[in-house]
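The values are calculated or read from the model by the stated rules, or taken from the named source; none is laboratory data. If you're wondering where the values come from, they're calculated on a predicted model, not measured in any experiment. Cβ placement follows ideal geometry from the backbone for every residue including glycine, while neighbour counts extend to all protein chains displayed. What goes into the accessible areas is simple: the full protein's heavy atoms, side chains included, and nothing from ligands, DNA or RNA. Shrake-Rupley method; radii C 1.70, N 1.55, O 1.52, S 1.80 Å.
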Amino acid sequence: MRRTRAEVDATLQIAKLNAAELLPVVHCLGFGPGAGAAAGDFCLLELEPALCQQLEAGHSLVIRGDKDEQAVLCSKDKTYDLRTADTSNMLLFIPDCKTPDQLKMEETHCNIIHTEIFGFSNNYWELRRCRPKLKKLKKLLMENTYEGPDSQKEKDSNHSKYTTEDLLDQIQASEEEMMVQLQVLNACEIEGYWRILEFDYEMKLLNHVTQLVDSESWSFDKVPLNTCLQELGPLEPEEMIAHCLKCYGKKYVEEGEVYFALSADKICRAAAQMLLQNAVKFNLAEFQEVWQQSVPEGMITRLDQLKRFVWREANHRCITH
């Protein structure tokens, strides 16, 4: 049933509204035959302006989460909790509905517009920025650590491996946040799959590098990449040597050559971990002596390098840093 202008004016009078203070164009709303069924087919999502701009620019937003996880929504670089918010007002879905600003800009010949309501809802989805959920990432990668190209494990195709897309399907984080965490975990991409090096293999690579530095009398602050690859390439894959330098050093370029400044703290920490993981218990004084002897000459070990490490003295008193 369509309203006439006289009926609209009568309604304004009953509502005690001054027609002169309103726009001359009136939207007359009516429920279509399929409005009730269509209501459950759509969800409303409230977005902050930055996310709207990303969508308008052609980027995508992705909802991630397994059945037993609270869903999150991810942009390219941020993660948001996705929660339902109820509203006391009914929200109407009206195709091609024009706002007051749009009506002001148009010359409308008919001052009554009859519009059909396509659907309605009493809730919507709202987003709240949250920390990415990254704990699962290390767990997945530790299922199949990399022990080197010649290990028996690499010849067995039954072990799990994950590409970037595989990880994005399971990790509740944006791609950018996940890639940052992969760097924190010192993961590397081998034949298209992300892997964490087995600690013993990582120490083998580091030992090759430190021995080369010692034999060539290089400074640990200036280790040339190309020479390392040439000298150690026959022993281990070049990409593994480069990865080891990246894990334990900082890359820089000087006169067109790539160098790495190796971190004494990281190397000392790795040496301590190697000692502690093979010891049932260690007298602190004895450990400090053996630890200092196990690091390259010129490096000084300090207990503050062992933050979050735990060991026991001979009297079984637990020491935590």
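Key figures
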quantity: Evaluation of Leu206 against (1) surrounded by fewer than 18 Cβ atoms within 10 Å (Cβ to Cβ); (2) assigned to a helix (DSSP H, G or I) (one fails), failing number; calculated: (1)
quantity: Some residue of the range 156-176 being open to solvent by less than 70 Å² (accessible area, probe 1.4 Å), touching a residue at least 40 places away in the same chain (Cβ under 8 Å) and of a type in the set (Val, Ile, Thr); calculated: yes
quantity: Out of Thr11, Thr87, Thr99, sole residue that is surrounded by 10 or more Cβ atoms within 10 Å (Cβ to Cβ), of a type in the set (S, T, N, Q) and within 39 Å of the chain's Cα centre (by Cα); calculated: Thr87
quantity: Residue in the range 119-132 that is surrounded by 11 or more Cβ atoms within 10 Å (Cβ to Cβ), closer than 30 Å to Thr163 by Cα and hydrophobic (A, V, I, L, M, F, W, C) present; calculated: yes
quantity: Lone unmet requirement of (1) of a type outside the set (Val, Ile, Thr); (2) free of Cβ contacts under 8 Å to residues at least 60 places away in the same chain; (3) surrounded by fewer than 18 Cβ atoms within 10 Å (Cβ to Cβ); (4) more than 17 Å from Met142 (Cα to Cα) for Leu262; calculated: (3)
quantity: All positions within the range 144-197 that are touching a strand residue (DSSP E or B) at 6+ places or on another chain (Cβ under 6 Å) and of a type in the set (D, E, K, R); calculated: Lys161, Arg195
quantity: Residue match in the range 108-118 (condition: closer than 28 Å to Lys78 by Cβ, part of a strand (DSSP E or B) and in contact with a strand residue (DSSP E or B) (Cβ under 7 Å, 6 or more places away or on another chain)); calculated: no
quantity: Filter result for the condition that a residue is of a type outside the set (Val, Ile, Thr), open to solvent by less than 60 Å² (accessible area, probe 1.4 Å) and at pLDDT below 80, over Gly65, Gly36; calculated: Gly36
quantity: Checking Thr79 against (1) in contact with a Ser or Thr (Cβ under 8 Å, 6 or more places away or on another chain); (2) open to solvent by 40 Å² or more (accessible area, probe 1.4 Å), the condition it does not meet; calculated: (2)
